[in-house]
Amino acid sequence: MNTMREELKTERLLLRPPRLTDAGALAKKLNDRDILRMTGTLPFPYFSLCADYWIYKSRAERRHGTAYHYIIEQKEELVGSCGLFPGKKDWELGYWMAKNHWQKGFTSEAVQALLKEAFDTPGCNRITASVFDDNPASINLLMRLGFTRTQKNDTLYSLARGSTAPGHDYALAAHQFAQRSREI
């Protein structure tokens, strides 16, 4: 079974598994239409009960090796979340950042740490991410991190939107990440 470390530390951030005590802060930070409409599986509004469910689900998924979710903390404040979902062929990346922490480089820093950890984990050879076309910030982030747009055009579903919207898939192979890391 693939395993990733429980905690990842960067210069400014701590990535750690979700705790039950995170539910209130998670619901408060995440209950924002601008954030949730860019996700596939999170509802709007996002209640504390949603956070409780997500935390329990995240813990079970980690135990089974089917997902690795991390709370992103900056100075002990919950500022976002990121995670990876191992598949048979590729792993899928997902993330969000609280609106009051946009434009600070936290998402880039957290995702970079998560990518490094993933590619150091046996069995992770390629990571994909699906992004709505109306999310230029996320598209730019992925491109800066070395992801390239695949030929696959998607119609992505968003639970928060209650509908589908155009999107694209992006991918990053382990050898591309290693090459890019050497160049930095």
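The values are calculated or read from the model by the stated rules, or taken from the named source; none is laboratory data. Given the structure is predicted, the values throughout are model-derived calculations rather than measurements. Here Cβ is always computed from backbone atoms with ideal geometry, including for glycine, and neighbour counts include all displayed protein chains.
For Ile72, all conditions in the list (1) over 24 Å from Leu13 (Cβ atoms); (2) touching a residue at least 40 places away in the same chain (Cβ under 8 Å); (3) among the aliphatic types (A, V, I, L, M) hold save one; what is the number of the exception?
Condition (1) is where Ile72 drops out.
Restricting to the range 123-165, name every residue that is on the phi > 0 side of the Ramachandran plot and surrounded by fewer than 17 Cβ atoms within 10 Å (Cβ to Cβ).
Narrowing the range 123-165 to residues on the phi > 0 side of the Ramachandran plot: 123, 146, 162.
Gly123, Gly162, listed by residue number.
Of the conditions (1) part of a helix (DSSP H, G or I); (2) polar (S, T, N, Q); (3) over 18 Å from Thr10 (Cα atoms), Thr107 satisfies every one except a single condition; which number is it?
(3)
Does the range 71-79 contain at least one residue that is assigned to a helix (DSSP H, G or I) and either under 17 Å from Ala129 (Cα atoms) or out of contact with any Phe, Trp or Tyr (no Cβ under 8 Å at 6 or more places or on another chain) (or both)?
Of the range 71-79, the ones assigned to a helix (DSSP H, G or I) are none.
No - not one qualifying residue is present in the range 71-79.
Of the residues Gly24, Gly65, Gly94, Gly80, which is modelled with pLDDT under 95 and of a type in the set (Gly, Ala, Ser)?
On the way: Gly24 fails: modelled with pLDDT under 95; Gly94 fails: modelled with pLDDT under 95; Gly80 fails: modelled with pLDDT under 95.
Testing whether each residue is modelled with pLDDT under 95 and of a type in the set (Gly, Ala, Ser) leaves just Gly65.
Just the residues that are of a type in the set (Gly, Ala, Ser) and assigned to a helix (DSSP H, G or I), please, taken from the range 110-135.
Our first condition is that a residue be of a type in the set (Gly, Ala, Ser); within the range 110-135, this holds for 110, 113, 118, 123, 129-130.
Ala110, Ala113, Ala118 - these are the residues of the range 110-135 that are of a type in the set (Gly, Ala, Ser) and assigned to a helix (DSSP H, G or I).
Of the conditions (1) acidic (Asp, Glu); (2) part of a strand (DSSP E or B); (3) under 20 Å from Leu26 (Cα atoms), Asp169 fails just one. Which one is it?
Of (1) acidic (Asp, Glu); (2) part of a strand (DSSP E or B); (3) under 20 Å from Leu26 (Cα atoms), only one is false for Asp169: (3).
If Ile139 passes every condition in (1) out of contact with any Lys or Arg (no Cβ under 9 Å at 6 or more places or on another chain); (2) part of a helix (DSSP H, G or I); (3) of a type outside the set (S, T, N, Q); (4) within 27 Å of Asn31 (Cβ to Cβ) but one, which one does it miss?
Condition not satisfied by Ile139: (1).
Any residue at all in the range 53-63 that is in contact (Cβ under 8 Å) with a residue 40 or more places away in the chain, part of a loop (DSSP other than H, G, I, E, B) and of a type outside the set (Gly, Ala, Ser)? Break it down stepwise before answering.
Keep residues of the range 53-63 that are in contact (Cβ under 8 Å) with a residue 40 or more places away in the chain, which gives 58-59, 62.
Now restrict to residues that are part of a loop (DSSP other than H, G, I, E, B): none.
Checked against the condition, which is being in contact (Cβ under 8 Å) with a residue 40 or more places away in the chain, part of a loop (DSSP other than H, G, I, E, B) and of a type outside the set (Gly, Ala, Ser), the range 53-63 yields no hits at all.
Tell me, please, whether a residue that is over 24 Å from Thr155 (Cβ atoms), basic (Lys, Arg) and part of a loop (DSSP other than H, G, I, E, B) can be found in the range 36-46. It would help to see each step written out before you state the result.
Step one: filter the range 36-46 for residues over 24 Å from Thr155 (Cβ atoms), giving 45.
Cutting the leftovers down to basic (Lys, Arg) gives us none.
Checked the range 36-46: no residue is over 24 Å from Thr155 (Cβ atoms), basic (Lys, Arg) and part of a loop (DSSP other than H, G, I, E, B).
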